[in-house]
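See below for the structure under consideration.
Coordinate-derived values only; no laboratory data. Values in this document were obtained by computation on a predicted structure and should not be read as measured data. Don't worry about glycine lacking a Cβ; one is built from the backbone with ideal geometry, like all the others, and counts go over all protein chains shown.
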Amino acid sequence: MNTQKIALIGGPSTGKTTLINALKAKGYYCMEEISRQITLEAQEKGIEQLFLEDPLLFSEQLLLGRQKQFLDADKLSDKLVFFDRGLPDVVAYLDYLKSSYPESFKTICNQHQYDKVFILKPWKAIYEQDNERYETFEQALIIHDFLVKSYTEHGYTIIDTPFGTIEERIEFIKNHLNSHE
């Protein structure tokens, strides 16, 4: 049985992690966002914001971590696996920062294709900044455009997830997956 890999993407504070946690609570297998983990590990080593101080090193760690998650999903018996962000996010954020990166980053993105990609748009009503999320809402809107560009360039048709309660968003995703199997 092939596991369907579903990427949930969007800029900062669009509700991805809340949605992932709700899907987990409903029994779905979910791969968590790992960028906070990488940021916290760097902070333990005295690097306040690794993404800002060394975007390439941060992104390389993120890309390898997300690649491992992608490959780990193939070992599961679950019908669906949800990902809090996907591989092309890494390229999108580097493009947003105007940082150069090796061509191998795009190659890795192309070698590991998600079955479906749902995007959550920036939503002013739920937007929050915190210690790991330093972007403004205006920056989140720009990041959104870079995400759309990156996923489109990697051959994805992106599905817009409407604003709404967590339950409404889950229903939208489930209905879309069920009607397009």
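A few points about this structure:
- Cα-centred dipole magnitude for the chain, charges only on beta-carbon of K, R (+1) and D, E (-1), debye, nearest 20: 480
- Over the chain, relative contact order from alpha-carbon pairs under 8 Å, at least 6 apart, %: 34
- Glu138 versus Thr107: modelled label distance in nm, points set 7 Å from Cα along the beta carbon direction: 4.0
- Inter-label distance, Lys79 to Asp54: 4.5 nm, where each label sits 7 Å from its Cα along the C-beta direction.
- Dividing the summed helix terms, -39500 (n - 2.57) for each DSSP H run of n ≥ 4, by the number of residues in the chain produces a 222 nm estimate of -15500 deg cm²/dmol to the nearest 500.
- 0 to 90° range, to nearest 10: angle between helix 16-25 axis and the chain longest Cα axis: 40
- Charge dipole (the chain, unit charges on Cβ, about Cα centre) - positive-most of Ser13, Gln67, Phe105: Gln67
- By the compact-protein rule of thumb, 2.2 N^0.38 Å, the alpha-carbon radius of gyration of the chain corresponds to a ratio of 0.99.
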